[in-house]
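Here's the structure we're looking at; comments come further down.
Values in this text are rule-based calculations from the coordinates and carry no lab data. Everything numeric here is computed off the predicted structure, so don't read it as measured data. So basically every Cβ, Gly included, is an ideal-geometry build from the backbone, and we count neighbours across all protein chains shown.
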Amino acid sequence: MSAHLLASASPSVNINLNGLRSPSSALVILIALTLLSIAPSLLILLTGFTRIFIVLGLTRNALGLQNTPPNQVIAGLALFIALAIMSPVLSQINSVAVQPYLHGKINATQAIDKGEVPLKTWMLKQTRDTELSMFANSNHESIRHPMSLPMTVVIPAFVLSEVQTAFIIGFVIFLPFMIIDLVVASVLMSMGMFMLPPTLVSLPFKILLFVLVDGWSLVVHSLLVSFH
């Protein structure tokens with residue numbers, strides 16, 4: 001009888017192994033610091049920053065300007081353009097992975113898997129089949145189902161495609177400025193002014209043409225369209 005009373009009076013302990021708890025603040029801070037430390041690499045490898053920065057740099061070189069605008073301005077402009085382009089993807093990652101993880105609805109592994117889907121989908125849309133096949137074959141993977149490819153295949157193929165696309169856009173931008181250089185050089189040679197550098201004379205005309213056609217807006221608009 002006494003044993004029965006002791007058993008009924010003892011508190012019962014129920015352990016629910018299926019429940020999830022939200023991560024602690026220390027863990028969230030650790031994850032945030034880790035992401036901040038690798039943020040430059042993520043920016044270059046997982047967004048359109050590389051394409052934008054290369055195109056803006058080639059535009060500056062096509063004008064014949066060495067350090068104007070400076071690299072800091074080009075990098076800052078490329079950063080905010082890349083964030084504007086990536087904002088729908090980042091919002092989707094936040095809604096399907098980050099917020100459910102912070103509220104304890106999914107664990108870290110599930111959050112990574114869910115957050116990888118919209119990012120990989122966007123990256124594959126910008127990746128050329130040639131580069132994707134090259135890296136997939138090197139890893140003995142098939143591209144019949146691109147979404148099943150690991151990120152170790154998608155990321156290098158994406159970056160190489162971005163560089164290739166940037167150089168194609170840069171070639172188109174270089175053409176009108178090259179024509180101006182050729183015309184100015186021909187005029188100077190016909191006038192017998194061999195000692196005067198053609199680039200010195202063509203530079204004001206290139207800047208004037210670029211300003212008249214609102215060149216920076218056209219270049220940025222072309223970049224935005226290229227991602228769609």
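Checked against (1) out of contact with any helix residue (DSSP H, G or I) (no Cβ under 7 Å at 6 or more places or on another chain); (2) under 30 Å from LEU209 (Cα atoms); (3) of a type in the set (Asp, Glu), ASP113 passes all but condition (2). The single condition among (1) crowded, with 16+ Cβ neighbours inside 10 Å; (2) polar (S, T, N, Q); (3) more than 29 Å from ARG128 (Cα to Cα) that SER186 does not satisfy is (1). Which count do you get for residues in the range 155-190 that are of a type in the set (S, T, N, Q) and within 22 Å of VAL219 (Cβ to Cβ)? Adding up the residues that qualify gives 3. Selection of helices (runs of 4 or more DSSP H) fully inside the range 89-207 by the criterion of at least 1 residues being touching a strand residue (DSSP E or B) at 6+ places or on another chain (Cβ under 8 Å), hydroxyl-bearing (Ser, Thr, Tyr) and touching a residue at least 40 places away in the same chain (Cβ under 8 Å) returns nothing.
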